[in-house]
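Presented below is the structure to which this report refers.
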Amino acid sequence: MVHTLFQEQEVKTSLKAAWDFFSRPQNLERITPATMKFRVKGNPPDAIYPGLMICYTVSPLFGIPLTWVSEITQVQ
């Protein structure tokens, strides 16, 4: 069985302004809850692109730090 969580939020800005914000890896830390202690490692580029690997540390449970890597496979 697969469970799906769906969340929708209205952002009152232009599509271009939203894309400019959400397509910058540096903003991931700004949109992640502070309790997760999210930190991007290294110096990511200014914009995402297919094949980009983003390495970061995050503490999702009990404050235990983990290293995660996300690969951007598509940008549309």
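The values are calculated or read from the model by the stated rules, or taken from the named source; none is laboratory data. These numbers come from a predicted model, not from an experiment. With ideal geometry, Cβ positions are generated from the backbone for all residues, glycine too; neighbour counts draw on all protein chains shown. Surface areas here come from the heavy atoms of the whole protein model, side chains and all, with no ligands, DNA or RNA. Shrake-Rupley method; radii C 1.70, N 1.55, O 1.52, S 1.80 Å.
Just a few scattered comments:
- Scanning the stretch 53-76 for residues that are free of Cβ contacts under 8 Å to residues at least 12 places away in the same chain, open to solvent by 80 Å² or more (accessible area, probe 1.4 Å) and aliphatic (A, V, I, L, M) turns up L61, I64.
- Just one of the numbered conditions (1) in a loop (DSSP other than H, G, I, E, B); (2) touching a helix residue (DSSP H, G or I) at 6+ places or on another chain (Cβ under 7 Å) is not true of T73: (2).
- Qualifying positions in the stretch 1-33 - under 22 Å from I48 (Cα atoms) and among the β-branched types (V, I, T): V11, T13, I31, T32
- Pairs with Cβ under 7 Å, 6+ apart, first in the stretch 30-52 and within 21 Å of Q74 (Cβ to Cβ), second of a type in the set (K, R) and open to solvent by 60 Å² or more (accessible area, probe 1.4 Å): D46/R24; A47/R24
- Candidate set: the stretch 1-47, residues that are under 28 Å from G63 (Cα atoms) and either among the aromatic types (F, W, Y) or in contact with a His (Cβ under 9 Å, 6 or more places away or on another chain) (or both); chosen: the one least open to solvent (accessible area, probe 1.4 Å): F38
- P44 under 13 Å from the mean Cα position of the chain (by Cα) and either assigned to a loop (DSSP other than H, G, I, E, B) or among the aliphatic types (A, V, I, L, M) (or both): yes
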